[in-house]
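All remarks here apply to the structure that follows.
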Amino acid sequence: MKVPFVDLASQHEEVADEVREQLEEVFVTTAFVGGPQVTAFEQEYATHVGAQHCVGVANGTDALELAMRAVGVVPGGEVILPANTFIATAEAVSRIGATPVLVDVDGEHLLIDPDAALAAMTSRTQAVVPVHLYGQVAPLDRLLPACLAAGVAVIEDAAQAHGARRDRHLAGSWGTVAATSFYPGKNLGAAGDAGAVTTNDPQIAARVRVLGAHGSATKYVHDVVGMNSRLDTVQAVYLRAKLARLEKWNRLRGEAAERYAGLLADVPGVRVPRSLPGNVDVWHLYVVRVPDRDRVLAELGRAGIGAGVHYPTPIHLTPAYWHLGLGAGSFPEAEAASGTLLSLPMHPHLTPEQQDHVVEVLRGALDGPSQDRTAG
Ligand SMILES: Cc1ncc(COP(=O)(O)O)c(C=O)c1O
């Protein structure tokens, strides 16, 4: 039995008819950029995350850069972010000409360590970017009061946390501003690249909109140097259809996570993920930790099980960021985790039979190299 890491085809099947009809209209009316579909999605997504404003953009990396620029991150400034994240979080900072200041993560949830983040603040700090990794919500409660008191923006990287909450706070409406990605494999995934910025601050929203439209609020009047980063109408149509199903799909992910936890409870050597108290996670990824990870990953691959590693190399040890001069040993928790992380198949259409099979293969792989078993 093959078990895919994600199953976008099953998601598509649920929305296909609805989307086909709407897309036909987009193509007939040739309203490819902007228009009522984009406006409707922005409103619906803002409502979904409990934010006053949503600005659709071209992808999650642009969303981060635009959010940063909108809160005043400028060349030479510093932006604090965790060492264990997707590279885009750091890239957005670098693209502005600011400096990513990396900090370690907590050893259990691998979310930004709030004490480390606060300790890294200097007079040059312009923003802190907690990343809601794997579908969790980072502990903004520990960061926000001190950041706001210091005049430092908190920019949520909410790319992996559509629909997640911590206590009464929804990811995407808690910080100064939030950036998200609708890359196809995300909990809410487009049919290509797409992203959004959400905020409760009308001025930040307006700045993002201007910066993403060539620095222009009025056609051919360019007050600042911006960029072209807009949400395609086709993507808005697809995202609206999927957004209507997101809550159900997140619930199914939660049920799958619970099943995994039960099945893995007696598998020696596996450390299962646990939600931070107060969190309602949306299980974008189901990340366990195992010994001898690379061999185990290879064995899962040979058995037709889609698994991954998020992420194999912390940002400071990635060649693109060697220039920061942070060698091995700089962030012990992120580094220790990176060698053991293993993301198992996780998506709303994962069946109990598939999960039984994944765990059976994983158990076998952890028993030892497969050639040993055949030899024995
Ligand atoms: C945590 C995180 N931040 C940012 C991004 C960047 O989003 P995109 O690929 O849409 O540019 C992603 C996803 O790819 C992500 O997982």
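The values are calculated or read from the model by the stated rules, or taken from the named source; none is laboratory data. Everything quoted here is computed from the prediction, not taken from an experiment. Don't worry about glycine lacking a Cβ; one is built from the backbone with ideal geometry, like all the others, and counts go over all protein chains shown. Just the protein is used for accessible areas: all its heavy atoms, side chains included, with ligands, DNA and RNA removed. Shrake-Rupley method; radii C 1.70, N 1.55, O 1.52, S 1.80 Å.
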A careful count of residues in segment 172-192 that are open to solvent by 10 Å² or more (accessible area, probe 1.4 Å) and part of a loop (DSSP other than H, G, I, E, B) gives 10
Residue 24: passes all of (1) closer than 17 Å to residue 191 by Cβ; (2) surrounded by 12 or more Cβ atoms within 10 Å (Cβ to Cβ) but (2)
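Quick check on segment 46-64. Is at least one of its residues open to solvent by 20 Å² or more (accessible area, probe 1.4 Å), more than 16 Å from the ligand (Cβ to nearest atom) and assigned to a helix (DSSP H, G or I)?
Step one: filter segment 46-64 for residues open to solvent by 20 Å² or more (accessible area, probe 1.4 Å), giving 47-48, 50, 52-53, 58-59, 61.
Remaining after also requiring more than 16 Å from the ligand (Cβ to nearest atom): 47-48, 50, 52-53.
From what's left, assigned to a helix (DSSP H, G or I): 47-48.
For segment 46-64, residues open to solvent by 20 Å² or more (accessible area, probe 1.4 Å), more than 16 Å from the ligand (Cβ to nearest atom) and assigned to a helix (DSSP H, G or I): present.
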Residue hits (segment 193-233; near the ligand (Cβ under 10 Å from one of its atoms) and assigned to a loop (DSSP other than H, G, I, E, B)) are 193, 194
Of those in segment 173-188 that are within 13 Å of the ligand (Cβ to nearest atom) and touching a Ser or Thr at 6+ places or on another chain (Cβ under 9 Å), the residue farthest from residue 44 (Cα to Cα) is 186
Exception for residue 36 within (1) closer than 30 Å to residue 150 by Cα; (2) open to solvent by 40 Å² or more (accessible area, probe 1.4 Å) falls at (1)
By residue number, the members of segment 194-245 that are among the acidic types (Asp, Glu) and under 24 Å from the mean Cα position of the chain (by Cα) are 201, 232
For segment 65-75, the count of residues that are part of a loop (DSSP other than H, G, I, E, B) and either hydrophobic (A, V, I, L, M, F, W, C) or touching a strand residue (DSSP E or B) at 6+ places or on another chain (Cβ under 8 Å) (or both) equals 4
Note on segment 69-92: residues in contact (Cβ under 8 Å) with a residue 24 or more places away in the chain and away from the ligand (no atom under 12 Å from the Cβ) are 69, 70, 71, 72, 73, 74, 76, 77, 78, 79, 80, 83
All conditions in (1) more than 16 Å from the ligand (Cβ to nearest atom); (2) buried (at least 20 other Cβ atoms within 10 Å of the Cβ) are true of residue 10 except (2)
Of the residues in segment 157-169, those that are farther than 23 Å from residue 75 by Cβ and crowded, with 22+ Cβ neighbours inside 10 Å come to 158, 159, 160, 161, 162, 163, 164, 166
* Asked: If we scan segment 265-278, do we find a residue that is open to solvent by 60 Å² or more (accessible area, probe 1.4 Å) and of a type in the set (Gly, Ala, Ser)?
  -> yes
Restricted to segment 105-145 and to residues being open to solvent by 40 Å² or more (accessible area, probe 1.4 Å) and not charged (D, E, K, R), the residue farthest from the ligand (Cβ to nearest atom) is 123
Across (1) within 16 Å of the ligand (Cβ to nearest atom); (2) of a type in the set (Val, Ile, Thr); (3) open to solvent by 40 Å² or more (accessible area, probe 1.4 Å), residue 99 clears everything bar (1)
